[in-house]
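**Student:** Provided herewith is a single structure, encoded as structure tokens, for subsequent inquiry.
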Amino acid sequence: MSFSDLGLLPELLRAVADKGYDSPSPIQQQAIPAVLAGRDVLAGAQTGTGKTAGFVLPILQRLAADQGHGTNRAPRALVLTPTRELAAQVAQSARDYGKHMQLRTYQVFGGVSINPQISALRAGCDILVATPGRLLDLAQQRLVDLSKSQRWVLDEADRMLDMGFINDIRKIIKLLPQKRQNLMFSATYSDDIRVLAERLLHDPLSIQVAPRNAPIELVEQRAYRVPKEQKRHLLVHLIQEGQWRQVLIFTRTKHGANRLTQQLEGAGIQAAAIHGNKSQAARVKALDMFKRGQITALVATEVAARGLDIKELPQVVNYELPNVPEDYVHRIGRTGRAGAAGEAISLVSSDESGFMRDIERVLRRSIPILPTPVFKIVESAQPAAHADRGSGERARPQGQHRQQHAQGRDARRAPAAGSGTRSFGRQ
């Protein structure tokens with residue numbers, strides 16, 4: 001099947017060809033005709049399967065068909081996303097696919113000044129992509145009119161629920177016209193999503209192109225068991241020995257992301273952190289440097305698990321396992337995209353065994369645990385040593401390393417000649 005078989009306009013087919021796509025993905029094959037026909041859709045699709053184009057392309061076509069029905073500046077389609085990164089990505093996709101059409105797309109989200117967004121909304125747009133908080137701020141100030149948004153997309157619906165946006169979603173729905181087309185796209189297809197769909201969608205076409213909660217099959221998953229305090233040393237070993245050029249690393253906390261970034265830089269690995277406490281400008285800069293290959297490691301919290309579109313990302317590392325097992329699916333979905341192979345590696349400490357079992361239960365499969373390789377435990381000077389002071393570890397001069405027992409009791413003992421490595425094997 002080709003995109004032309006889906007009934008898309010020539011302008012959209014040109015834009016698709018410009019992006020180098022020649023055949024639609026399974027989710028696009030099913031979603032595009034349904035959206036063009038005006039049906040509500042509930043779609044469950046793995047991350048990286050092209051679901052954004054699955055709703056953007058037909059929405060653009062329907063907006064183009066309605067273009068002569070007035071010149072109101074209010075947005076005629078609303079896409080709601082959980083994160084800033086995803087909002088920016090969806091908006092850019094709409095601009096790319098609609099570049100041969102006279103349609104305007106704009107995005108609004110927090111973390112940046114609201115004034116340029118107010119000016120842009122006054123100028124008007126056809127598609128508005130937004131995060132819930134900033135959209136409600138604008139609506140409460142009567143700076144955005146959603147009463148003409150006859151097409152509404154809830155993107156990454158499962159993540160919306162995980163992040164506690166259900167009340168915001170209800171408030172936003174009240175601002176939309178009662179008669180509208182509703183599209184709900186989600187990486188996982190949980191019971192909570194089905195309940196939400198029953199409340200929001202009218203006779204929806206249900207599409208599921210992947211096994212329930214299953215990650216992309218092209219992602220090779222493996223894990224290493226390693227003591228928590230030695231994770232960063234193993235990570236440095238994997239990056240250096242594997243000659244990795246681009247790796248996305250997930251931590252559970254913002255502080256942990258900052259600390260690990262400092263430690264990687266102390267080991268000579270170019271790194272940057274991205275999380276909710278970073279300004280939007282800092283997040284955009286870090287992501288841009290990562291995409292350009294100017295840094296090797298991008299250390300992120302869950303905020304980056306959705307919406308990061310990085311072509312051919314080879315490695316994702318779970319430095320800390322997520323305590324919500326479905327988040328594991330979204331994390332590793334950053335690799336293995338668009339048919340490319342990827343590798344997802346988890347560093348599992350003894351206190352995370354329960355998280356691992358929960359993840360395997362969701363996946364309905366076990367994750368292979370490989371023998372832990374021999375690696376050096378190297379204490380670096382600034383900035384890593386400075387970052388370690390709060391953890392109770394003793395700072396050491398750069399280049400000096402120590403040998404530990406598995407329990408770390410001999411941390412203060414001076415290393416013998418030729419020591420400094422240890423193989424932990426399977427634990």
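The values are calculated or read from the model by the stated rules, or taken from the named source; none is laboratory data. All figures in this text were calculated on a predicted structure; none of them were measured in a lab. Using ideal geometry, Cβ is built from the backbone for each residue, glycine included, and neighbour counts are taken over all protein chains shown. Each accessible area value is taken on the protein alone, full model and side chains, heavy atoms only, with ligands, DNA and RNA left out. Shrake-Rupley method; radii C 1.70, N 1.55, O 1.52, S 1.80 Å.
**Student:** Which order do you get for ASP96, ASP137 if you rank them by accessible area with a 1.4 Å probe, largest at the top?
**Tutor:** The ordering from most to least exposed comes out as ASP137, ASP96.
**Student:** Leaving out ligands and nucleic acids, note down the accessible area per residue over the range 89-219 with a 1.4 angstrom probe, in whole Å².
**Tutor:** Accessible surface, normalised per residue, equals 46 Å².
**Student:** Right, next: Which lysines, on any chain, are close to LYS278 with Cα under 23 Å apart, when same-chain ones fewer than 8 places away are left out?
**Tutor:** LYS254, LYS291
**Student:** Further question on the same structure: Along the range 259-270, what does the Karplus equation 6.51 cos²θ - 1.76 cosθ + 1.60 (θ = phi - 60°) give for ³J(HN,Hα), rounded to whole Hz, x for Gly and Pro?
**Tutor:** The phi angles translate into 5, 5, 4, 4, 5, 5, 5, x, 8, x, 10, 5 Hz.
**Student:** Now, a different point. In whole percent, how big is the carbon plus sulfur part of the accessible area of the range 163-293, probe 1.4 Å, protein atoms only?
**Tutor:** 46 percent
**Student:** Residue by residue through the range 17-29, what is 3J(HN,Hα) from phi via Karplus (6.51 cos²θ - 1.76 cosθ + 1.60, θ = phi - 60°)? Round to whole Hz and write x for glycine and proline.
**Tutor:** Computed from phi, the couplings for the range 17-29 are 5, 4, 7, x, 9, 10, 9, x, 6, x, 5, 5, 4 Hz.
**Student:** Can you tally the lysine pairs in the range 73-230 where the Cα-Cα distance is under 27 Å and the two residues are eight or more apart, or on different chains?
**Tutor:** Pairs that pass both the separation and distance tests number 5.
**Student:** Then there's this: What do you reckon, how do LEU218, LEU6 stack up by accessible area (1.4 Å probe), largest on top?
**Tutor:** The residues order as LEU218, LEU6, largest area first.
**Student:** For VAL247, what is the net charge nearby, where nearby means another residue's Cβ is under 12 Å from its Cβ and Lys, Arg count +1, Asp, Glu -1?
**Tutor:** Local charge sum for VAL247: +1.
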